[in-house]
Amino acid sequence: MHEETPEKPSRQKPASLWKQLTRGAPLAVLLAAALYILYVLLPVLQLVAIAILIAVVLRTLLRWLQKVVKARWLAILLLVGLLGGFGGFLVAVILPSLLHEIQQLLVALPSYLTALTALSVNLHRSFSFVPDLSQGLMQFRQFADQLLGTFPLLLKQTLGATIEVVATLILALYMAYDPATLIDGILRLVPHRQHRRFHRLLKATGVRLRGWIFGTGVAMLFLGVGATLGLWALGVPLALPFGVIAGLLEVVPYFGTIAGTFLPALVALTLSPWKFLSVLLLFLLLNQIDAHLVQPLVMGQQVNLHPVVIILTFLVLGKLLGLIGLLLAVPAAAVFVTFIDEFAPPETAAETTVISGAPRE
């Protein structure tokens, strides 16, 4: 009799177990657990995304400075000095002036809107062809009271988030200082045969994000300088702080100029209705130039994103993540379109170029 050789342990069991877990009900459970974990970790993921974006900005600025001064150590010193000087300027000049003006606005605006409401009613009674704007002014007063009333709470919450801000900045500095180690760690999770594609995808994403940084910088500079000069010419107080704030809010394209209009318009309203209208016209002009000239020529060429893609990303991420979603909308759209360009089938390449905004060959 021949002795039966013992059966070797099957190597197919792990594979079959994996197939069982990725089919039917087990797969649904795994997906539900993964989505729940992502939902719980969403605040952390938001901070990580912002840290990555800040790291890309810092690396891009460092690269530009290094091209100018040649020496890396000198470029690092210049970057630290510029960032420290700008932060000190915001804390020492912009914020105190802004808080002082908001306090005066909280005191003066209600009585001024009440006087405008009475003036509108009297004009309508005396001259019937003059429209009665009292209802609109009352609604505007309620809206302004609510918005200005929530400002101290918003400022308190912003100052209370110091730990998250410091942690995000430290994380961004580590990412900007040594991105190669982080990329090598990510590559360990990527199959070896996909390493070349990963590097190609990373390079294309970096090009688009650097283009976004350049385009955003140009748009912020245009709006900040334009708003400062325009408000100064109109005689509106705190033209420089309002211009700086309007420029910083331009990081949210299309909607940043609208948000930057509100506070200087309210201050102008306490001076005279004509200055209020002048400020609205000023920001309307700046917004039109930004939307039809700066954004298409600078942002469109640098990032190659269609405006429809940007607006849809704003709506989706704004609904999901709020203010942080608006800040991350354009970078997220750039990354999304880069993934589409990389993983789309070759026969649909022409269609993806239309989505991304790049011209067809």
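Tell me which residues, restricted to the stretch 61-85, are loosely packed, with under 12 Cβ neighbours inside 10 Å and aromatic (Phe, Trp, Tyr).
Listed by number, the list holds a single entry, Trp73.
Looking only at the stretch 302-328, which residues are out of contact with any Phe, Trp or Tyr (no Cβ under 7 Å at 6 or more places or on another chain), of a type in the set (A, V, I, L, M) and under 18 Å from Leu248 (Cβ atoms)?
Leu323, Ile324, Leu327, Leu328
With the condition kept exactly as written, say whether any residue in the stretch 266-286 is aromatic (Phe, Trp, Tyr), more than 25 Å from Val218 (Cβ to Cβ), at pLDDT 80 or above and assigned to a helix (DSSP H, G or I).
Yes, there is a match, as at least one residue in the stretch 266-286 is aromatic (Phe, Trp, Tyr), more than 25 Å from Val218 (Cβ to Cβ), at pLDDT 80 or above and assigned to a helix (DSSP H, G or I).
Based on what the data block shows, is Val298 under 29 Å from Gly206 (Cβ atoms) and either surrounded by fewer than 17 Cβ atoms within 10 Å (Cβ to Cβ) or modelled with pLDDT under 80 (or both)?
In short, yes.
The conditions are (1) in contact with a helix residue (DSSP H, G or I) (Cβ under 8 Å, 6 or more places away or on another chain); (2) outside any loop (DSSP other than H, G, I, E, B), and Val190 fails exactly one of them. Which is it?
(2)
Residues are listed down the side, and each one gets a yes or a no for (1) farther than 30 Å from Leu83 by Cα; (2) of a type in the set (Gly, Ala, Ser); (3) modelled with pLDDT under 70:
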residue: Leu106; (1), (2), (3): yes, no, yes
residue: Leu155; (1), (2), (3): no, no, yes
residue: Leu169; (1), (2), (3): no, no, no
residue: Arg193; (1), (2), (3): yes, no, no
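Select from the stretch 219-239 the residues that are at negative phi, surrounded by 17 or more Cβ atoms within 10 Å (Cβ to Cβ) and among the hydrophobic types (A, V, I, L, M, F, W, C) and list them in ascending order.
Ala219, Met220, Phe222, Leu223, Ala227, Leu231, Leu234, Val236, Ala239
Can you find a residue that is more than 20 Å from Phe214 (Cα to Cα) and surrounded by fewer than 19 Cβ atoms within 10 Å (Cβ to Cβ) anywhere in the stretch 48-60?
Yes.
At pLDDT 80 or above and of a type in the set (A, V, I, L, M, F, W, C): is that true of Val29 in this structure?
no
Take the conditions crowded, with 17+ Cβ neighbours inside 10 Å and under 26 Å from Val56 (Cα atoms) and apply them to Gly247. Does it pass?
Yes.
Going through Val207, Val225 one at a time, which residue ends up being within 25 Å of the chain's Cα centre (by Cα) and modelled with pLDDT of 85 or more?
Working: Val207 fails: modelled with pLDDT of 85 or more.
The conditions single out Val225.
Six or more apart or on different chains, Cβ under 6 Å: which pairs go from a residue in the stretch 170-185 that's under 9 Å from Arg59 (Cα atoms) to one that's β-branched (Val, Ile, Thr) and part of a helix (DSSP H, G or I)? Could you list them?
Within 6 Å, no pair qualifies.
Given (1) under 19 Å from Thr216 (Cβ atoms); (2) crowded, with 17+ Cβ neighbours inside 10 Å, identify the lone condition not met by Thr117.
(1)
Please tell me if Ala71 is in contact with a Leu (Cβ under 8 Å, 6 or more places away or on another chain) and at pLDDT 75 or above.
no
So, in the stretch 86-102, exactly how many residues are surrounded by fewer than 12 Cβ atoms within 10 Å (Cβ to Cβ) and in contact with a Phe, Trp or Tyr (Cβ under 7 Å, 6 or more places away or on another chain)?
0
In the stretch 228-242, what residues are closer than 16 Å to Leu281 by Cα and over 20 Å from the mean Cα position of the chain (by Cα)?
Pass one, the stretch 228-242, residues closer than 16 Å to Leu281 by Cα: 228-236, 239, 242.
If the condition is that a residue be closer than 16 Å to Leu281 by Cα and over 20 Å from the mean Cα position of the chain (by Cα), then Thr228, Leu229, Gly230, Leu231, Trp232, Ala233, Leu234, Gly235, Val236, Ala239 are the ones that fit.
The values are calculated or read from the model by the stated rules, or taken from the named source; none is laboratory data. Bear in mind that the values here come from a model prediction, so they are computed numbers and not experimental data. In this analysis, Cβ positions are derived from the backbone assuming ideal geometry, glycine residues included, and neighbour counts consider all displayed protein chains.
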